[in-house]
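The values are calculated or read from the model by the stated rules, or taken from the named source; none is laboratory data. Source: prediction; values computed, not measured. Virtual Cβ from ideal backbone geometry, glycine too; neighbours counted across all protein chains shown. What goes into the accessible areas is simple: the full protein's heavy atoms, side chains included, and nothing from ligands, DNA or RNA. Shrake-Rupley method; radii C 1.70, N 1.55, O 1.52, S 1.80 Å.
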Amino acid sequence: MNEKIAWQGNLVAIQPRIRLIRSFDQRNHNYLGYALRVEEIIGEDEREFTVGIGKAAQAKHQFRAGDTVSGKAQPVVDEKTESVEFYKASGLKIVERAAAVVPLPPPWLGVPPELPVYRQRGHRRLDARTYEAKCLTCIWGCRMPVEMIMDQWNPGQKRYRFETFCYGPKSCSLYRAGPTRKVPGRKGMSWEEEDWVDEDATAHRDDDD
């Protein structure tokens, strides 16, 4: 599992790599870096795959969709806590840089902002089917692994799932919120994350920001 695999391919998307920790009505984010979605060759397979990189690597290379990229990475140890298939990337190189012309949004392409920008903007929940169909390449989309602490008095009791979010402009024509999300708690209790949570998290932004 510690052996790194060589890979190379076309970068079809780059999004933030963020882990969400929930404890009933409380939530915290771990900003891990970025997720590269690559299409081509890893090892002896030809397919689409995802690679996690750190913020320093992105600051150095300024990856964006359309680049041809190569490197090495190893399979993730715990798939429940990672949104990517491979991580601990090394030997990263840009084989060929994408054209400077970026198509008109949505989706938003180009070089994603630094992680503090995502933290400052705040997110809204994003319907999982909409994410898969329309937002998979957008720099404002994010698929987060979620760790749910069932009982704050017994933090070892956990459940896991994935949730999708949007950090983009509130006026985006592709955006669909989807159903509200429920967070399980101790003794069969449940907390529903209603619309006001998203409204509060993005209230400081204008619709086109």
**OP:** Extending each Cα 7 Å along its Cβ direction at K93 and N28, get the distance between those two points in nm, one decimal.
**Re:** 4.1 nm
Original post:
What chymotrypsin sites (Phe, Trp or Tyr not before Pro) in region 139-209 are in a loop by DSSP, with at most 11 other Cβ atoms within 10 Å of the Cβ?
Top reply: W153
Original post:
Under a 1.4 angstrom probe, counting protein chains only, how are S90, S173 ranked by accessible area, largest first?
Top reply: S173, S90
Original post:
In a Debye calculation with equal point scatterers on the alpha-carbon sites of the chain and no solvent, what is log10 I(q)/I(0) at q = 0.10, 0.11 Å⁻¹?
Top reply: -0.45, -0.55
**OP:** Would you list the P(r) distribution for region 102-209, with all Cα-Cα distances sorted into 10 Å bins from 0 and each bin expressed as a whole %?
**Re:** 13, 41, 31, 13, 2, 0
Original post:
What ³J(HN,Hα) values, in whole Hz, does the Karplus curve 6.51 cos²θ - 1.76 cosθ + 1.60 give for region 202-208 when θ = phi - 60°, with x put for Gly and Pro?
Top reply: 10, 5, 7, 9, 6, 4, 9
Original post:
Dipole of region 24-145, Cα-centred, from +1 at each Lys and Arg C-beta and -1 at each Asp and Glu C-beta, to the nearest 20 debye?
Top reply: 660 debye
Subject >> Pairs of Lys in region 77-209 closer than 16 Å at Cα, counting only those 8 or more apart or on different chains >> reply: 4
**OP:** Write down the radius of gyration of region 1-104 and its Dmax, each obtained from C-alpha positions, in Å.
**Re:** 14.4, 46
**OP:** For E193 and D151, calculate 0.36 nm times their separation in residues minus their Cα-Cα distance, and state this gained length in nm to one decimal.
**Re:** 13.4 nm
Subject >> Accessible area of region 1-84 divided out per residue, in Å², using a probe of 1.4 angstrom >> reply: 48 Å²
Original post:
Using θ = phi - 60° and the Karplus curve 6.51 cos²θ - 1.76 cosθ + 1.60, what whole-Hz ³J(HN,Hα) does each residue of region 22-37 get, with Gly and Pro shown as x?
Top reply: 10, 9, 6, 8, 9, 8, 9, 10, 10, 8, 8, x, 9, 10, 8, 9
Subject >> H29 - accessible surface, heavy atoms, 1.4 Å probe, Å² rounded to 10 >> reply: 50 Å²
Original post:
Does region 64-154 come out rounded, prolate or oblate by the C-alpha gyration tensor, with a ≥ b ≥ c the root eigenvalues, rounded set by a/c under 1.5 and, if not, prolate when a/b is larger than b/c and oblate if not?
Top reply: oblate
**OP:** For F24, tell me the accessible area in Å² from a 1.4 Å probe, rounded to the nearest 10.
**Re:** 60 Å²
Original post:
How would M150, M189 line up by accessible area, probe 1.4 Å, largest first?
Top reply: M189, M150
**OP:** Provide the net charge surrounding M150, with neighbours chosen by a C-beta distance below 14 Å and charges set as Lys +1, Arg +1, Asp -1, Glu -1.
**Re:** +4
Subject >> 13 Å reach of a label modelled at V117, 7 Å along Cα-to-Cβ, counting backbone N of region 19-37 >> reply: none
**OP:** Leaving ligands, DNA and RNA out of it, work out the accessible area of E163 with a 1.4 Å probe and give it in Å² to the nearest 10.
**Re:** 10 Å²
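Let me have the relative contact order for the chain, percent, based on Cα pairs under 8 Å that are six or more residues apart.
Numbers: 479 pairs, mean separation 46.2, N = 209.
Reported relative contact order: 22 percent.
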Original post:
How big is the gap, in Å, between the Cα center of region 1-31 and the Cα center of region 169-209?
Top reply: 21 Å
Original post:
In vacuo Debye scattering of region 91-130, one point per C-alpha: log10 I(q)/I(0) at q = 0.30, 0.32 Å⁻¹?
Top reply: -1.08, -1.10
